[in-house]
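Participant: Below: one structure in structure tokens.
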Amino acid sequence: MLIEINCASDFLCRYVASASSCTPQIMESFKSQIIALMQEKYTNHWDPQRPHYGNGYRAITSFGGKVDPLLCQ
């Protein structure tokens, strides 16, 4: 699960960095916070034998102008 969380946090950081003028320090802080939040949320929601099972719960979305609550924290 840690590899997947790290990949997701890298993607989110690249996305945010491309749309903002955040400093590298702010991006590093954002990355460490988003990793901690994802680890907390996804604890007990990851089955290594069936990694696709529960992926809807683990999805981070932004549809219709509504940002995922995980990102708002």
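The values are calculated or read from the model by the stated rules, or taken from the named source; none is laboratory data. In this text, all values refer to a predicted model and were calculated from it rather than measured experimentally. When we count neighbours, we look across all protein chains shown, and the Cβ atoms used for this are built from the backbone with ideal geometry, even at glycine. These accessible areas exclude ligands, DNA and RNA; they are computed on the full protein's heavy atoms, side chains included. Shrake-Rupley method; radii C 1.70, N 1.55, O 1.52, S 1.80 Å.
Participant: Could you tell me whether the range 51-59 includes any residue that is within 15 Å of Asp10 (Cβ to Cβ) and either open to solvent by less than 50 Å² (accessible area, probe 1.4 Å) or modelled with pLDDT under 90 (or both)?
Facilitator: So in the range 51-59, the residues within 15 Å of Asp10 (Cβ to Cβ) come out as none.
No, the range 51-59 contains no residue that is within 15 Å of Asp10 (Cβ to Cβ) and either open to solvent by less than 50 Å² (accessible area, probe 1.4 Å) or modelled with pLDDT under 90 (or both).
Participant: Does Ser29 count as modelled with pLDDT of 70 or more, over 20 Å from Ile3 (Cβ atoms) and assigned to a loop (DSSP other than H, G, I, E, B)? Quick ask: steps written out before the conclusion?
Facilitator: Numbers: modelled with pLDDT of 70 or more: yes; over 20 Å from Ile3 (Cβ atoms): yes; assigned to a loop (DSSP other than H, G, I, E, B): no.
It is false that Ser29 is modelled with pLDDT of 70 or more, over 20 Å from Ile3 (Cβ atoms) and assigned to a loop (DSSP other than H, G, I, E, B).
Participant: All but one of (1) at pLDDT 85 or above; (2) within 13 Å of the chain's Cα centre (by Cα); (3) open to solvent by 50 Å² or more (accessible area, probe 1.4 Å); (4) among the hydrophobic types (A, V, I, L, M, F, W, C) hold for Cys72, so report the exception by its number.
Facilitator: Only one criterion in (1) at pLDDT 85 or above; (2) within 13 Å of the chain's Cα centre (by Cα); (3) open to solvent by 50 Å² or more (accessible area, probe 1.4 Å); (4) among the hydrophobic types (A, V, I, L, M, F, W, C) is unmet by Cys72, namely (1).
Participant: Out of all the residues in the range 1-50, which are open to solvent by 90 Å² or more (accessible area, probe 1.4 Å), aliphatic (A, V, I, L, M) and closer than 16 Å to Pro69 by Cβ?
Facilitator: Answer for the range 1-50, where residues must be open to solvent by 90 Å² or more (accessible area, probe 1.4 Å), aliphatic (A, V, I, L, M) and closer than 16 Å to Pro69 by Cβ: there is none.
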